[in-house]
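Engineer: Okay, handing you the structure first.
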Amino acid sequence: MSARDFFEVDLRYVHAEPRNISQKPDAANVSQIISNAREVQDRVHNKGWGAGDFKVAPEDYGKTPEGELAKTYEKMYTPSPEGLKAEWNESQSRFNMVNGNHRVQEAQRQGMSHLPMTVSSVEPHRIDELRAASSERYATFFRDTPPDGRNPTPTPQSPDEPSRAAPTRQER
């Protein structure tokens, strides 16, 4: 039995290799999706936006700049069938992408450090450890988002706290 969770994952530990697929995604489209994801991530983490802040009128959804961000938020920042999926590979100490290889490769190319994805592991206790390994700044949003969708203010690690064994996200 495997366990699943949804949180932002450090892309340094993600192996994304496109598989043979019948329809290769349009590179410009993938690039735009990731550019939008960068803007969504900035608004979520640096401006305190939550799900409610990305709401737009139905006629604007995916058709205006704000509507594109709303679509990106919905597709990438909420668990969905077409969202990013990775499986933890214990023997290789990395995530192997199950869905979203091209998007992850583009995010890595654009220098993003984290992306939200559904993560699975055959060992249920590993999910909690993997979530903890993700920077608290990122993990907190997905674990503690209140029902109204507002992003809680993350608490950065104090210099007096002991260093975490897990990798942490460097501040921009």
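Engineer: Could you list, in sequence order, the residues of the stretch 25-63 that are touching a residue at least 60 places away in the same chain (Cβ under 8 Å) and either in contact with a Cys (Cβ under 7 Å, 6 or more places away or on another chain) or not in a helix (DSSP H, G or I) (or both)?
Structural biologist: Correct list: Pro25, Gly48, Trp49, Gly50.
Engineer: Can you list residue pairs whose Cβ atoms sit under 8 Å apart, with the first residue in the stretch 64-83 being within 17 Å of Val104 (Cβ to Cβ) and in a loop (DSSP other than H, G, I, E, B) and the second being modelled with pLDDT of 85 or more and among the charged types (D, E, K, R)? Count only pairs 6 or more apart in sequence or on different chains.
Structural biologist: Close Cβ pairs satisfying both conditions: Ser80/Glu74; Glu82/Lys75; Gly83/Lys75.
Engineer: Every residue in the stretch 76-101 that is touching a Phe, Trp or Tyr at 6+ places or on another chain (Cβ under 8 Å) and under 17 Å from Asp128 (Cα atoms), please.
Structural biologist: Ala86, Glu87, Trp88, Asn89, Ser93, Arg94, Phe95
Engineer: Which of (1) loosely packed, with under 14 Cβ neighbours inside 10 Å; (2) more than 16 Å from Ala107 (Cα to Cα) does Glu17 not meet, given it meets every other one?
Structural biologist: Result: Glu17 passes all but (2).
Per-residue answers, yes or no, for (1) crowded, with 19+ Cβ neighbours inside 10 Å; (2) modelled with pLDDT of 90 or more:
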{"position": "Ser35", "(1), (2)": "no, yes"}
{"position": "Arg43", "(1), (2)": "no, yes"}
{"position": "Asp53", "(1), (2)": "no, yes"}
{"position": "Lys63", "(1), (2)": "no, yes"}
{"position": "Ala70", "(1), (2)": "yes, yes"}
{"position": "Tyr73", "(1), (2)": "yes, yes"}
{"position": "Ser80", "(1), (2)": "no, no"}
{"position": "Trp88", "(1), (2)": "yes, yes"}
{"position": "Arg94", "(1), (2)": "no, yes"}
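Engineer: Evaluate the stretch 41-55: report whether one residue or more is more than 26 Å from Arg126 (Cα to Cα) and either among the hydroxyl-bearing types (Ser, Thr, Tyr) or in contact with a Ser or Thr (Cβ under 6 Å, 6 or more places away or on another chain) (or both).
Structural biologist: no
The values are calculated or read from the model by the stated rules, or taken from the named source; none is laboratory data. Source: prediction; values computed, not measured. In this analysis, Cβ positions are derived from the backbone assuming ideal geometry, glycine residues included, and neighbour counts consider all displayed protein chains.
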